[in-house]
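J.: Sharing a structure here in structure tokens format.
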Amino acid sequence: MDYAIAPPAVPSLPVQGSALRFPVRRIFCIGRNYAEHAKEMGATVEPGRPMFFCKPADAVVADDADVPYPSATNELHHEVEMVLALGAGGRDVPVEHAASLVWGVGVGLDLTRRDLQAQAKAKGHPWDVAKAFDHSAPVSALRRLDGALPGPDTELRLSVNGALRQQARLGEMIHDVPHILAALSALFELKPGDLVFTGTPAGVAALSRGDRFHAALAGYAELDGRIA
Ligand code: MN
């Protein structure tokens with residue numbers, strides 16, 4: 001096929017232990033999935049009603065890369081999250097089948113312009129400019145799973161310049177992976193290549209130019225980077 005302009009490149013992430021790359025189709029994110037984080041944001045959690053937002057696929061930043069400090073903010077915040085990489089899709093996927101969509105996992109940062117998010121919340125505006133900006137989704141190399149999802153005792157951690165900022169167990173999630181995917185598939189037909197950020201625990205805080213971050217989904221994935 002001939003295109004009127006050069007078609008955009010396919011955003012992708014490295015795969016651990018492989019020369020193959022994982023092509024990224026879309027990025028979905030769940031909000032308020034850890035009670036202590038919802039509390040620190042002054043939000044109330046409505047059980048059974050997950051809240052989702054999106055980032056563009058080309059917001060991904062690979063491991064060990066610099067993240068440019070974004071324009072139009074003075075309050076760039078980190079949110080460390082487990083990231084699911086889907087190898088299969090579907091719509092209205094039952095909870096009991098949802099885990100089978102997951103091809104692999106990684107760890108990522110849902111970078112947020114917190115000042116613009118606060119303005120959007122106050123005005124009832126969408127969150128796009130707070131969440132979906134360029135380079136807003138650093139993600140580790142992905143770990144392919146052979147069946148089992150990371151268990152509830154798996155730790156999620158983020159340190160900045162060597163100091164621990166966020167730490168939680170996956171078991172603290174309000175909506176677990178099958179329930180997240182079942183709920184998301186009722187709103188969007190999920191497709192192979194989709195990434196799903198699964199929410200951040202408490203401890204979100206500001207990043208400054210020059211900060212070095214290290215995120216881990218213990219035993220599965222690690223992510224390093226620097227705010228440039
Ligand atoms: Mn988040």
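The values are calculated or read from the model by the stated rules, or taken from the named source; none is laboratory data. Keep in mind the model is a prediction, meaning the values are calculated, not measured. Positions of Cβ are backbone-derived with ideal geometry, glycine not excepted, and every protein chain shown enters the neighbour counts. Heavy atoms of the whole protein, side chains included, go into the accessibility calculation; ligands, DNA and RNA do not. Shrake-Rupley method; radii C 1.70, N 1.55, O 1.52, S 1.80 Å.
J.: Could you state the number of Å between the C-alpha centres of the range 121-155 and the range 1-48?
T.: Each part's Cα centre sits 5 Å from the other's.
J.: In terms of modelled amide H atoms, which long-range or inter-chain residues lie less than 5 Å from the amide H of K191?
T.: Those lying under 5 Å, H to H, from K191 are G90.
J.: On the Cα set of the range 168-228, report Rg and Dmax in Å, please.
T.: When restricted to the Cα atoms of the range 168-228, Rg and Dmax are 14.9, 41 Å.
J.: Rg/Rh for the range 12-226 to two decimals, with Rh computed the Kirkwood way over all alpha-carbon pairs.
T.: Computed over Cα atoms, the ratio is 0.93.
J.: Taking Cα pairs under 8 Å and at least six residues apart, what relative contact order does the range 121-213 come out at, in percent?
T.: Computed over the range 121-213, the figure is 26 percent.
J.: Which whole-number value in Å² is the accessible area per residue of the chain, probe 1.4 Å?
T.: Here the residues of the chain average 47 Å² of exposed surface.
J.: Return the single residue from A43, A182, A216 with maximal mean-square fluctuation; model: Gaussian network over the chain, springs between Cα atoms under 10 Å.
T.: A43
J.: How many Lys pairs in the chain lie less than 23 angstrom apart by Cα atoms, where the lysines are 8 or more positions apart or on different chains?
T.: Lysine pairs meeting both conditions in the chain amount to 10.
J.: What number, in percent, do you get for the relative contact order of the range 12-226 if the mean sequence gap of Cα pairs under 8 Å and at least 6 apart is divided by its residue count?
T.: Numbers: 542 pairs, mean separation 72.1, N = 215.
Relative CO of the range 12-226 lands at 34 percent.
J.: What's the whole-number percent of alpha carbon pairs in the range 1-130 lying beyond 21 angstrom?
T.: 53
J.: Give me a comma-separated list of calculated 3J(HN,Hα) values for the range 122-127, in order, Karplus coefficients 6.51, -1.76, 1.60 applied at θ = phi - 60°, integers in Hz, x for any Gly or Pro.
T.: Those phi angles translate into 5, 9, x, 8, x, 8 Hz.
J.: Explain nothing, just compute: Karplus ³J(HN,Hα) = 6.51 cos²θ - 1.76 cosθ + 1.60, θ = phi - 60°, for every residue of the range 34-41 in order, whole Hz, x for Gly and Pro.
T.: Result, ordered by residue: 10, 4, 5, 6, 4, 5, 5, 8 Hz.
J.: Between L76, L164, L84, find the one with the highest GNM mean-square fluctuation for the chain; connect C-alpha pairs within less than 10 Å.
T.: L164
J.: Consider just the alpha-carbon atoms of the range 40-103 and return their Rg together with their Dmax, both in angstrom.
T.: For the range 40-103, the Cα-based Rg and Dmax read 16.2, 43 Å.
J.: Could I ask something else about it? If you build a Gaussian network model of the chain, linking Cα atoms that sit under 10 Å apart, which residue out of V67, V83, V95 swings the most?
T.: Between V67, V83, V95, it is V95 that shows the largest mean-square fluctuation.
J.: So if I place +1 on the C-beta of Lys and Arg and -1 on the C-beta of Asp and Glu, and nothing else carries charge, what would the dipole magnitude of the chain be about its Cα centre? I want it in debye, nearest 20.
T.: Using Cβ point charges on Lys, Arg, Asp and Glu, the chain gives about 300 debye.
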